[in-house]
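Data block below; observations after.
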There are 4 protein chains.
Amino acid sequence: IVEPEKHRAYCKPISAVKKGDLIVVGQRGVRVKHPERPREGLGVFEFMNSDVSPEKPVTSLIREIARSLKERAGNGGKIVVVAGPAVIHTGAAPYLARMIELGYVDSLLSGNALAVHDIESALYGTSLGVDLENSRVVNPRNHIATINQVLKAGSIKELVRNGKLTKGIFYQLIKHDVPFVLAGSIRDDGPLPEVVKCSNEAQRLYREQVKDADFVIMLASTLHSIAVGNMLSSRVKIICVDINPAVVTKLSDRGTSQAVGIVTDVGTFLPLLVNELEK
Amino acid sequence: IVEPEKHRAYCKPISAVKKGDLIVVGQRGVRVKHPERPREGLGVFEFMNSDVSPEKPVTSLIREIARSLKERAGNGGKIVVVAGPAVIHTGAAPYLARMIELGYVDSLLSGNALAVHDIESALYGTSLGVDLENSRVVNPRNHIATINQVLKAGSIKELVRNGKLTKGIFYQLIKHDVPFVLAGSIRDDGPLPEVVKCSNEAQRLYREQVKDADFVIMLASTLHSIAVGNMLSSRVKIICVDINPAVVTKLSDRGTSQAVGIVTDVGTFLPLLVNELEK
Amino acid sequence: IVEPEKHRAYCKPISAVKKGDLIVVGQRGVRVKHPERPREGLGVFEFMNSDVSPEKPVTSLIREIARSLKERAGNGGKIVVVAGPAVIHTGAAPYLARMIELGYVDSLLSGNALAVHDIESALYGTSLGVDLENSRVVNPRNHIATINQVLKAGSIKELVRNGKLTKGIFYQLIKHDVPFVLAGSIRDDGPLPEVVKCSNEAQRLYREQVKDADFVIMLASTLHSIAVGNMLSSRVKIICVDINPAVVTKLSDRGTSQAVGIVTDVGTFLPLLVNELEK
Amino acid sequence: IVEPEKHRAYCKPISAVKKGDLIVVGQRGVRVKHPERPREGLGVFEFMNSDVSPEKPVTSLIREIARSLKERAGNGGKIVVVAGPAVIHTGAAPYLARMIELGYVDSLLSGNALAVHDIESALYGTSLGVDLENSRVVNPRNHIATINQVLKAGSIKELVRNGKLTKGIFYQLIKHDVPFVLAGSIRDDGPLPEVVKCSNEAQRLYREQVKDADFVIMLASTLHSIAVGNMLSSRVKIICVDINPAVVTKLSDRGTSQAVGIVTDVGTFLPLLVNELEK
């Protein structure tokens, strides 16, 4: 979209284009300015390149990432976290909750499942009925009971306000006024009241959160990470953690630059990262 | 839900429960009747059990599946296909189109991407701008041009009617009046007019398609396959094909029974299956 | 190693270095000449680059590979196949056997398992006791019985000569006088008499086979493919087929150039390749 | 093998069978006694069953494993570790070295690569020339230089004795007199003097180490873990850690019972485990 009177040109999603908008068609006369890659001081983003492999020294990578995150604290950078439900199943929820408490999360983008499983684990100590302490199936109905609890309260926010939800990721988000967007998907059970059921609307709300992001941390999330990857400008630094090399590769295949892809287990990555952040 | 006056009891998704519905709470007094597993004649479903491994004799599996699909032709069984965009990227679109032509698809469940990539490959011979004959990047703008073509025509159906779309999966679906449902997701570019943007509504429409299904064939689709897996009764036979063992395992982890999980490449699976079906 | 009197310089494995050899130390004064990449006509090797992804159009890749293999037939190129036991488990053995019959294999490099499983499937129709036609466990003792049969005959060659082994990969190799090397490993059951138990000796014999190779086709083999990858000059064209993206990536990570990595299932790849080769 | 005069029957590898041995043929009259599974107190082995999934609560699993390992300390159990080179590449070497120091390793089974990479990282701070602190390629020749250093010293043991090797896994093994067996393979560079080049001999030495093992911990090793898996009696407890679900599944496919399969990254698993062990 070109707005000559404002001397600016920018990108708009197709669905937001309006009649009368001036649009650049073709590539002639267009010059693309890539963000300059500073030669030094980029820390973790400097020493990683596109090759994605599970055989990288993870603990030193985690130290570098912790350093990058700590640095931005003084510089007012915005950190957006995109997280999938495996964060809960792998037992990493308390660590993501801790990151929120420590102020390292400025926005969370996810879906219905993360919220349902997080709240289930806060209320019952299980995730899909599986005890997170000993992997035993305790009660598969906890999943449904959780959804009912939230529906009865009216919203996750209300469940915190009436004192029923007192720990976990969503408790910390609400307590610290960190905005979150839950995008609906066809898989959803429930879904919870905060879930945005229209995909166009969810896309718009996600875009709002990431438009001024400096870091995006993608944690074991395929659907939402790809959605976010499509929205990011080349200026944003991305840290993508997934145990599946194909997911990590897919994100770099799409031309997202300045990305650190780490093939590791989010369930062990987050405890080690939080440990470094707390030092 | 129990409807005493009708002497029946059935399941309803939480979001469809209405005030006044009689619901069974807890497990006391409930007896679950599993579908009997016939001792013989189940073909492919008999000799597969839950262990998912890429090291299975694929060609003989394909022969068995083809035989099962041919058999149902005479018996009026309903085959629902759930397909992900990898069907197009791996060059398997002509083979799925052929299956539709041969009458082996009674309903297709997917999302925006499958349709966009299929129509791009029909109109321009590319998928995301990559030539499907020689893997070279031809024109990344074909993707956007495709979306624009459909938006201009008003719908995929209209693009077929006005003679512009003359081959591919969606051409065959529309030509043979096979119903399809495209569920919206936050990743979507466009999306195309036929895409159902509300996740609850998409769920409802999917459910309608699968409620009387006999076979569900899941092809390289994670999001939509899991959604469908959640909707199926234990009576339905599932064939799940994915190159990622984790996806195939995930579907059986959810307790879906009578499932044949095949860890293979949909890009080579479909040509071999069609070859058997045409014999 | 530099041999001034012969005006040549070449590489030698450390274990083959002898006292008195003149060796280039360091990098100064050394100029590396890479093989020129022809601009056109490379076929499949031209349009593939290093990015490894399961989402490639496989059937057109297979067509290109078949064309490359057919071309070399007239030009006297040497094709070396490295194969892992998954070739048997996935039911692809008859197709590799057919490739040998058609003259597309000039040398086979593998280990004990491929031979044991191939001969078991030729003698009993099973692989590790699993019926390859219907995946049922028939008789786990077939595995041991096979080893005993070969030990009794004295060698695989003898089993063919005395008319007991009449089909499969090793039957075809011996019938068509195609050389093969079986490298021993610590996993081996048996092992069969032809297996080379000393790793240094096996390395030497492998190296002999690949030193004048033009094509190396790696089929679902990690251990032996990496061993071979370490031995190849940059002149050799490599086709690497594996269902695990990590294996395919690993081979390119090692700087092997002119490699086509295909993330697909060898059990469906080989039938389609043989189909193209027979056209 | 039956030895009537000694009233015992046991298994022997085929290659160790001697003329005159009495061998049970067939299954008639044989009764197999499975180890009883205690109802309680098995800790981690109790709550895991065969389904392998990356979506398990890892940190609580690690706590349980640490507890099991600590318990055996008082009971004189033997812990055998099988480790692959990814332990070094992922930066976990210092943590495995620490486990040896703490007395949690009674025997190490591996191959040439683990030793070469470990010693390279101890001598030069790199693994295959890649700096383990910042992932940058420093000097690919460090790999060869390491092999030369060991060859010059005569053995790894000698390199420790002459004061050149002062840290890392093999330093700790030698310092604490922990036996290790390095099995040769066709991939090996060098190989180092301690490597057993004959596969039959390596098998015999491995078998000697595992015959009285109580725990076997398999760390990111395919080749050697499968070899060891084939040798274990059903009495032995196995902990198998790999980022690739197929490897973890493969080990359970072979009927190894009492196995805890964890799909996680050894590079983050070991730091967390050592952390628990030191508590």
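The values are calculated or read from the model by the stated rules, or taken from the named source; none is laboratory data. Predicted model, so just to flag it, every value in this text is computed and none were measured. Here Cβ is always computed from backbone atoms with ideal geometry, including for glycine, and neighbour counts include all displayed protein chains. Keep in mind that these areas ignore ligands, DNA and RNA; they rest on the heavy atoms of the full protein, side chains included. Shrake-Rupley method; radii C 1.70, N 1.55, O 1.52, S 1.80 Å.
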From (1) in contact with a helix residue (DSSP H, G or I) (Cβ under 8 Å, 6 or more places away or on another chain); (2) in a helix (DSSP H, G or I); (3) more than 15 Å from A:I62 (Cα to Cα); (4) touching a residue at least 24 places away in the same chain (Cβ under 8 Å), pick out the condition that doesn't hold for A:V248. (1)
Picked from the stretch A:115-133 (must be more than 13 Å from chain D (Cβ to nearest Cβ) and among the aliphatic types (A, V, I, L, M)), the residue nearest to the chain's Cα centre (by Cα) is A:A115
Identify all residues within the stretch D:191-218 that are part of a loop (DSSP other than H, G, I, E, B) and either under 16 Å from the mean Cα position of the chain (by Cα) or within 17 Å of D:G229 (Cα to Cα) (or both); write none if there are none. D:K211, D:D212, D:A213, D:D214
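This table checks each residue for (1) more than 24 Å from C:E133 (Cβ to Cβ); (2) touching a Leu at 6+ places or on another chain (Cβ under 8 Å); (3) surrounded by fewer than 23 Cβ atoms within 10 Å (Cβ to Cβ).
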| site | (1), (2), (3) |
| --- | --- |
| B:S60 | no, yes, yes |
| B:V82 | yes, yes, no |
| B:V87 | yes, yes, no |
| B:S107 | yes, no, yes |
Output the residue which, of all residues in the stretch D:63-106 that are at positive phi and in contact (Cβ under 8 Å) with a residue 60 or more places away in the chain, is nearest to the other protein chains (Cβ to nearest Cβ). D:G91
So which residues in the stretch A:130-167 are assigned to a helix (DSSP H, G or I), among the hydrophobic types (A, V, I, L, M, F, W, C) and closer than 13 Å to A:H117 by Cα? A:I144, A:A145, A:I147, A:V150, A:I156
From the list A:R8, A:R31, A:R98, pick out the single residue that is of a type in the set (D, E, K, R) and at pLDDT below 70. A:R31
A:R136 meets each of (1) open to solvent by 60 Å² or more (accessible area, probe 1.4 Å); (2) away from every other protein chain (no Cβ under 11 Å) with one exception, condition (2)
Would you mind stating whether B:Y171 is modelled with pLDDT under 95 and over 18 Å from B:V241 (Cβ atoms)? no
Against the condition open to solvent by less than 10 Å² (accessible area, probe 1.4 Å) and in contact with a strand residue (DSSP E or B) (Cβ under 7 Å, 6 or more places away or on another chain), how does A:V196 come out, does it pass? no
Could you list, in sequence order, all residues of the stretch A:200-229 that are at the interface with chain B (Cβ under 9 Å from one of its Cβ atoms), modelled with pLDDT of 95 or more and surrounded by 23 or more Cβ atoms within 10 Å (Cβ to Cβ)? A:A202, A:Q203, A:Y206
Residue, modelled with the lowest pLDDT, within the stretch B:230-245, restricted to residues that are facing chain A (nearest Cβ under 9 Å) and either open to solvent by less than 20 Å² (accessible area, probe 1.4 Å) or in contact with an Asp or Glu (Cβ under 9 Å, 6 or more places away or on another chain) (or both): B:N230
Going through the stretch B:168-190 one residue at a time, which ones are assigned to a loop (DSSP other than H, G, I, E, B), more than 9 Å from chain A (Cβ to nearest Cβ) and crowded, with 16+ Cβ neighbours inside 10 Å? B:G168, B:V178
State which residue pairs qualify: first residue over 17 Å from B:I147 (Cβ atoms) and in a strand (DSSP E or B) and inside the stretch A:1-20, second residue among the small types (G, A, S) and open to solvent by 70 Å² or more (accessible area, probe 1.4 Å) in any location, beta carbons under 9 Å apart, and separation of 6 or more residues or different chains. A:V2/A:A9; A:E3/A:A9
Please identify the pairs in which a residue from the stretch B:111-131 that is more than 10 Å from B:G168 (Cβ to Cβ) has its Cβ atom under 7 Å from the Cβ atom of a residue that is at pLDDT 95 or above and part of a strand (DSSP E or B), counting only partners at least 6 apart or on another chain. B:G111/B:L182; B:G111/B:A183; B:N112/B:L182; B:N112/B:V195; B:L114/B:A83
